[in-house]
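No value in this document is a laboratory result; all are computed from the given coordinates. Because the structure is predicted, anything quoted here is derived from the model rather than measured. Note: ideal-geometry Cβ built from the backbone for every residue, glycine included; neighbour counts use all protein chains shown.
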Amino acid sequence: MSSTLNHLYNRIFIVLISIGVVLGLGHFLPASSPFHVSDFTLSLLGKYSCYAIVALAIDLCWGFTGILSLGQGVFFALGAYAMGMHLMRSMAGQGVYASALPDFMVFLDWQELPWYWQGFDQSWFALLMVLLVPGLLAFIVGALAFRSRVKGVYFSIISQALTYLMMMLFFQNEMGFGGNNGLTDFKTILGFSLQDAATKQALYFISLLALVGTFYLVRSLVHRRLGLILIAIRDGEQRLRFCGYQAALYKTFVFVLAAMICGLAGALYVPQVGIINPSEMAPAQSIEMVVWVAFGGRGTLLGAVLGAFIISALKSWLTDLFPDLWLYILGSIFIVVTLYVPRGILSLIPDARRWQAIFQGLGRRRQTEGHHAG
């Protein structure tokens, strides 16, 4: 990517974030104002921001390193469950049964808290688990797969199988994560009511700030020497290995970092949506995340952000109008983009600039011809 195009993408990202800030401030306006942003809209935009963070992680893996993972939804859900467990512990005694145990455990006749729920009453411990749990799982899977030189479609199948396995595990009531219903009915976060408008606004701005931080973190990585190595892995891993580089180590690092980023996004997602259940681990969810990046433009970062916002907004709108047709529409979008815009919609920007240059050249040519005719 040329430096000129990179600067253009950076400016567009800044404009998008500025619009996001303005929309967040619109929440302060009275409900009678035409520029007022409702609680529902703010939570929806916050959710899209979390999705955009996931899209950046996928773009780092797939767009720059060539690792097509169809299991990022697992890491997103693990981070969300870690935060959900903290929110459940923080509302001890405030549930329907007024018990120190979460309501679903009381309903299932659990007598004590499982050992793996210990510590989640502390916010620092929960935040640590938000990053460590997805990162540890990614390290185990990545280290085993990349050391065995599993790549391409084979790694995609393994990551897809991982999503199905984890989803089926979390559906079991015996696992202690709420089974089919998951974790929900949260009351507070860090002592602040989740129903309060100020809390919702704070969560939105934190999500927006996390999106900005993730964007520039990934951008700083891929525009350094590390970025060149990652692109070399994507385009010619065998040749890079012959040059003495340990490609498996770089791929494992990227895969773990992307998983931790997804975990962070999941942790921000839960208090804004108010629920986390195993459906977030469904294979279709991880595939949809990949479509975000493919639609926007892999290897661009900005395209990943745009794809996450546009596809998520379309899903919210179209599932309300045609609830049974969304997967068909999503598949059609992916096919059309793959066939006609293989580099994503963001690739249309340089094309537009090229057409503008052509039209400007034609205009100067007519002027020249007019002068000669005169």
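Some notes on this structure:
- Sorted by Cβ neighbour density within 10 Å, fewest at the top, the residues Trp292, Trp124, Trp117: Trp124, Trp117, Trp292
- Taking amide hydrogens as placed 1.01 Å from N in the peptide plane, the amide H of Ile189 sits under 5 Å from those of Leu194, each at least 5 positions away in sequence or on another chain.
- Most to least packed among 86-95, 256-265 [average Cβ atoms within 10 Å]: 256-265, 86-95
- Note that segment 257-262 has calculated 3J(HN,Hα) couplings of 4, 4, 5, 5, 5, 5 Hz, one per residue in order, obtained from phi through the Karplus relation 6.51 cos²θ - 1.76 cosθ + 1.60 (θ = phi - 60°); glycine and proline are x.
- Modelled spin labels at Arg225 and Leu23, positioned 7 Å past Cα toward Cβ, are 4.1 nm from each other.
- Highest average first, the peptides 65-74, 232-241, 154-163 ordered by how many other beta carbon atoms sit within 10 Å of their residues are 65-74, 154-163, 232-241.
- Averaging the Cα positions of each part gives two centres, and for segment 139-154 and segment 247-295 these lie 18 Å apart.
- Taking a ≥ b ≥ c as the square roots of the eigenvalues of the alpha-carbon gyration tensor, the chain is classed oblate because a/c is 1.5 or more while a/b is no larger than b/c.
- Once the Cα-Cα distance is subtracted from the 0.36 nm per residue extended length, the Asn10 to Leu136 segment shows a gain of 42.1 nm.
- Using a Förster distance of 25 Å, the FRET efficiency for Tyr97-Ala198 (Cβ separation, nearest 0.05): 0.30
- Gained length - Ala284 relative to Arg239, 0.36 nm times residue gap less alpha-carbon distance: 12.8 nm
- Helix-derived mean residue ellipticity, 222 nm - over the chain, DSSP H n ≥ 4, -39500 (n - 2.57), to 500: -23500 deg cm²/dmol
- Paramagnetic reach from Ala161 in segment 57-94 [backbone N under 15 Å; point 7 Å along Cα→Cβ]: 70-71
- Förster radius 45 Å - calculated FRET efficiency between Gln172 and Leu217, Cβ distance, rounded to 0.05: 0.80
- When peptides 30-42, 48-60, 204-216 are sorted by average Cβ neighbour count within 10 Å, with the highest value leading, the order is 48-60, 204-216, 30-42.
- Using a simple spin-label model with pseudo-atoms 7 Å out from Cα toward Cβ, Trp317 and Phe40 lie 1.6 nm apart.
- With Cα atoms, 0 to 90° folded angle of helix 348-373 axis to the chain main axis: 20 degrees
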